[in-house]
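Student: Okay, handing you the structure first.
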Amino acid sequence: MSANQSLSLRDRINDLQAEYIRCIDHDELERWPDFFVPDCHYSVTTAANMQEGLAAGLIWANNQAMLHDRVSALRNANVYERQAYRHIVGQASISATSTAGIPTETPFIVVRIMHDGVTQLFMTGIYQDVFVETEAGLRLKSRIVVLDSSRIDTLLAIPL
């Protein structure tokens, strides 16, 4: 049994969350899609949209290839002010697991650091996730990033 298999499910999820955040905060975005299964869902929306049952999001992808395309566009096509993120992530709350996956909810805060050094609170919210077991270990089947505020900065470029 590997060391990772001896960890509790909560520990394994929190470890994956930590590595996901490290990938983004260290600008290793090419690795970001690898945290998801090929037929995944990723979206960024607001709490108000969720309460209204509105499916449309600020960012929306329904497979891993779309996540790769997003990274490619960020690196090669989009022009945006250079910035970095620092995530502070809470502990995952695990709901009842099923054959469809392991649903969790995790609170987060993102601080944005601009190229000139200005640092500001950027986003707060929750990750509504569904994790699944794969041969490579836990992966995200779905991540819905639910932002607390409906006031969204136009510089939402880097994945959350």
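The values are calculated or read from the model by the stated rules, or taken from the named source; none is laboratory data. None of the values given here were measured: they were computed from a predicted structure. Positions of Cβ are backbone-derived with ideal geometry, glycine not excepted, and every protein chain shown enters the neighbour counts.
Student: Among (1) surrounded by fewer than 20 Cβ atoms within 10 Å (Cβ to Cβ); (2) out of contact with any helix residue (DSSP H, G or I) (no Cβ under 9 Å at 6 or more places or on another chain); (3) at pLDDT below 95, where does T134 come up short?
Tutor: The one condition T134 does not meet is (3).
Student: Filter segment 1-25 down to residues that are part of a helix (DSSP H, G or I), hydrophobic (A, V, I, L, M, F, W, C) and either in contact with a Lys or Arg (Cβ under 6 Å, 6 or more places away or on another chain) or at pLDDT below 95 (or both), then give me how many there are.
Tutor: So the answer is 2.
Student: Report whether or not L58 is touching a residue at least 40 places away in the same chain (Cβ under 8 Å), out of contact with any strand residue (DSSP E or B) (no Cβ under 9 Å at 6 or more places or on another chain) and within 20 Å of L147 (Cβ to Cβ). Give the derivation first.
Tutor: Numbers: touching a residue at least 40 places away in the same chain (Cβ under 8 Å): yes; out of contact with any strand residue (DSSP E or B) (no Cβ under 9 Å at 6 or more places or on another chain): no; within 20 Å of L147 (Cβ to Cβ): yes.
Against the criterion (touching a residue at least 40 places away in the same chain (Cβ under 8 Å), out of contact with any strand residue (DSSP E or B) (no Cβ under 9 Å at 6 or more places or on another chain) and within 20 Å of L147 (Cβ to Cβ)), L58 does not qualify.
Student: Sort out which residues of segment 81-94 are surrounded by 13 or more Cβ atoms within 10 Å (Cβ to Cβ) and either at pLDDT below 90 or touching a Pro at 6+ places or on another chain (Cβ under 8 Å) (or both), and write them in order of number.
Tutor: Q83, A84, V89, G90, I94 - these are the residues of segment 81-94 that are surrounded by 13 or more Cβ atoms within 10 Å (Cβ to Cβ) and either at pLDDT below 90 or touching a Pro at 6+ places or on another chain (Cβ under 8 Å) (or both).
Student: Quick check: is even one residue across segment 49-65 closer than 26 Å to I113 by Cβ and in a helix (DSSP H, G or I)?
Tutor: So far as segment 49-65 goes, no, none of its residues is closer than 26 Å to I113 by Cβ and in a helix (DSSP H, G or I).
Student: Could you please let me know if A73 is at pLDDT below 95 and part of a helix (DSSP H, G or I)?
Tutor: When the stated conditions are applied, A73 passes them.
Student: Anything in segment 40-58 that is among the hydrophobic types (A, V, I, L, M, F, W, C) and either surrounded by fewer than 16 Cβ atoms within 10 Å (Cβ to Cβ) or more than 22 Å from P107 (Cβ to Cβ) (or both)? List them, or say none.
Tutor: In the first step, residues of segment 40-58 are kept if they are among the hydrophobic types (A, V, I, L, M, F, W, C); the result is 40, 44, 47-48, 50, 54-56, 58.
Within segment 40-58, A47, A48, L54, A55, A56, L58 qualify.
Student: Residues in segment 98-117: is at least one in contact with a Lys or Arg (Cβ under 6 Å, 6 or more places away or on another chain), closer than 28 Å to R151 by Cβ and loosely packed, with under 15 Cβ neighbours inside 10 Å?
Tutor: Checked against the condition, which is being in contact with a Lys or Arg (Cβ under 6 Å, 6 or more places away or on another chain), closer than 28 Å to R151 by Cβ and loosely packed, with under 15 Cβ neighbours inside 10 Å, segment 98-117 yields at least one hit.
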